[in-house]
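Input: a single structure, listed below in C-alpha cells.
Just so you know, all these numbers are worked out from the coordinates, no wet-lab data involved. Not measured: the values here are computed from a predicted model. A quick note on method: Cβ atoms are made from the backbone with ideal geometry, for glycine too, and the neighbour counts reach across all protein chains shown.
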C-alpha cells in the first residue's frame, strides 16, 4: 500500500490563498496545508508555490499527503526555565518559537518532549513520573480531539455559508433573468408601437391622396 495520498485539483476559485484553498478541498487544517506547501509536497505547474500564492481559475494543483507515522512522545533533554512547581502544578517560560506539542512537521524538540524529560529526571517534589506522563499524553489527546471537533464545526459552518451563498447567487440569477425578460418585453412593445405609428402614418397619407381636391375659380374669367 502506498504511504502517500496523491491529489490533483483544478482550481475553481479566483484570488483565494493556496493554503486556504487546500484546507477546504482536502479537509485538513490550514496549518497542515502550510506545512505541506513548506515541505515541498505541493506543486503548481511544476513549480513550488508559497502558502500565500493567490490562485487563478483552471490552475492545476498537484501534490501528495504523506502518511504520518504513529506519534510517539520521546523525552528530550531540553533546558527549561521553571517559574513555579509543586506536586500538582508546573509553570515554565516557553522559549519563543518552540512548538508546544508534536504535530505534522514537528515530531520532536517540542515543549512536551522537554517536560517529559524533566519529569523523568524527577522534578522537585514529584512522584509517579509514569502516571504524570500518561496524564500529559491524555491531556494532549483531549486537546487534539477538541481541535478536530472545532475543525469539524468550522467545516460545517463553511458548508452552510456556501449553501447560503449559492442560494443568494441563484436568487440574483433569477432576478437578472426576470429583468432581462422585462427588457425584452419592453423592447417588443416599443417595436410594436413603432410599427403602429408607421401604419397610421401610411394610412393618413393614403387618405390625403384620396380626398377630392377643391379648386377655386376666379370670377374674372
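Below 8 Å between Cα atoms, with a sequence gap of 6+, how large is the relative contact order for the range 4-66 in percent?
It comes to 53 percent, rounded to a whole number.
Take the alpha carbon gyration tensor of the range 4-66, find the square roots of its eigenvalues, order them as a ≥ b ≥ c, and report rounded if a/c is under 1.5; if not, report prolate when a/b exceeds b/c, else oblate.
rounded
Once fully extended, how much extra length lies between residue 148 and residue 74, figured as 0.36 nm per residue of separation less the alpha-carbon to alpha-carbon distance?
Extending this stretch completely gives an extra 24.3 nm.
Label points 7 Å out from Cα along the Cβ direction at residue 207 and residue 12: separation in nm?
Simple spin-label model gives 6.4 nm for this pair.
Sort 185-192, 147-154, 47-54 by packing, meaning the average of other beta carbons within 10 Å per residue, with the highest value first.
47-54, 147-154, 185-192
Students often check this: by mean Cβ neighbours within 10 Å, which of 32-45, 88-101, 168-181, 6-19 ranks highest, and how do the rest follow?
The packing order, highest mean first, is 32-45, 6-19, 88-101, 168-181.
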